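Here is the structure we will look at.
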Amino acid sequence: MPVDIAQLDVSESWKKTFRLIEQAGGPDLPNLKALQTGERISISFKPLAFFLGPFYYLAKGLWKQAVVYLLVAIALALLLDAFGLGKISKSIGYGFAAVYAVRANVSYYKKMVQGVIPCF
């Protein structure tokens, strides 16, 4: 059940991000192009999540996603390495860093505003 963003126990920066996500049509972001470029970037990419990955998600209480993404990344890297594609397997880390960064704002929105703990 969605809650009032103004009543959430999060920083003003997060409240602004949550309001932008609502303007974009919710977590699926169907109206993302209606926002200004800077606003789109601010809700589409979280640099801290890119650099800290699962640790950032754990700090935000998104532990299911942190564990699932980490296990999938490790499994893919090991699988590619087993087939002799070690150079490609190293790029898995960068790919998942991007996944963490792109999904962070929406995942935290789902948790805090919608009360849903997302797994993916």
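The values are calculated or read from the model by the stated rules, or taken from the named source; none is laboratory data. If you're wondering where the values come from, they're calculated on a predicted model, not measured in any experiment. Ideal geometry is used to build each Cβ from the backbone, glycine not excepted, and the neighbour counts take in all protein chains shown. Ligands, DNA and RNA are stripped out before the accessible areas are found, and what is left, the full protein with its side chains, is counted by its heavy atoms. Shrake-Rupley method; radii C 1.70, N 1.55, O 1.52, S 1.80 Å.
For region 35-63, which residues satisfy the criterion of being of a type in the set (D, E, K, R) and within 13 Å of S107 (Cβ to Cβ)? Even if it seems obvious, please write down each step before you answer.
Residues of region 35-63 of a type in the set (D, E, K, R): 39-40, 46, 60.
Residues satisfying the conditions are K46, K60.
Any idea which of A98, A49, A66, A59 is out of contact with any Pro (no Cβ under 8 Å at 6 or more places or on another chain) and over 22 Å from K16 (Cα atoms)?
Just a single option satisfies the conditions, and that option is A98.
Inside region 1-25, can you point out the residues that are open to solvent by less than 60 Å² (accessible area, probe 1.4 Å) and over 23 Å from A59 (Cα atoms)?
A24, G25
Does I41 fit the bill of being free of Cβ contacts under 8 Å to residues at least 12 places away in the same chain and within 22 Å of I5 (Cβ to Cβ)? If you could, list the steps in order and put the result at the bottom.
Numbers: free of Cβ contacts under 8 Å to residues at least 12 places away in the same chain: yes; within 22 Å of I5 (Cβ to Cβ): yes.
Yes: the conditions hold for I41.
For a quick check of your reading: which helices (runs of 4 or more DSSP H) sit entirely within region 17-120 and have at least 1 residues that are touching an Asp or Glu at 6+ places or on another chain (Cβ under 9 Å)? Explain how you work it out, then say what you get.
Numbers: elements: 37-44, 47-52, 54-59, 63-82, 86-112.
Helices (runs of 4 or more DSSP H) meeting the threshold: 86-112.
Kindly list, by first and then second residue, each pair from a residue in region 1-20 that is more than 10 Å from V113 (Cβ to Cβ) and modelled with pLDDT of 95 or more to a residue that is open to solvent by 50 Å² or more (accessible area, probe 1.4 Å) and outside any loop (DSSP other than H, G, I, E, B), limited to pairs with Cβ atoms under 6 Å and residues at least 6 apart or on different chains.
What qualifies is L20/E39.
Looking only at region 98-117, filter to residues that are touching a residue at least 40 places away in the same chain (Cβ under 8 Å) and more than 10 Å from the chain's Cα centre (by Cα); which one of those is least open to solvent (accessible area, probe 1.4 Å)?
Checking each candidate, the answer is V113.
Among the residues of region 5-16, what is the count of those that are of a type in the set (V, I, T) and part of a helix (DSSP H, G or I)? Outline the logic, then answer.
So in region 5-16, the residues of a type in the set (V, I, T) come out as 5, 10.
After this cut, where a residue has to be part of a helix (DSSP H, G or I) as well, the list is 5.
Of the residues in that region, 1 qualify.
Quick one: count up the residues across region 61-94 that are open to solvent by less than 60 Å² (accessible area, probe 1.4 Å), in contact (Cβ under 8 Å) with a residue 12 or more places away in the chain and out of contact with any helix residue (DSSP H, G or I) (no Cβ under 8 Å at 6 or more places or on another chain).
Residues that pass the stated criteria total 1.
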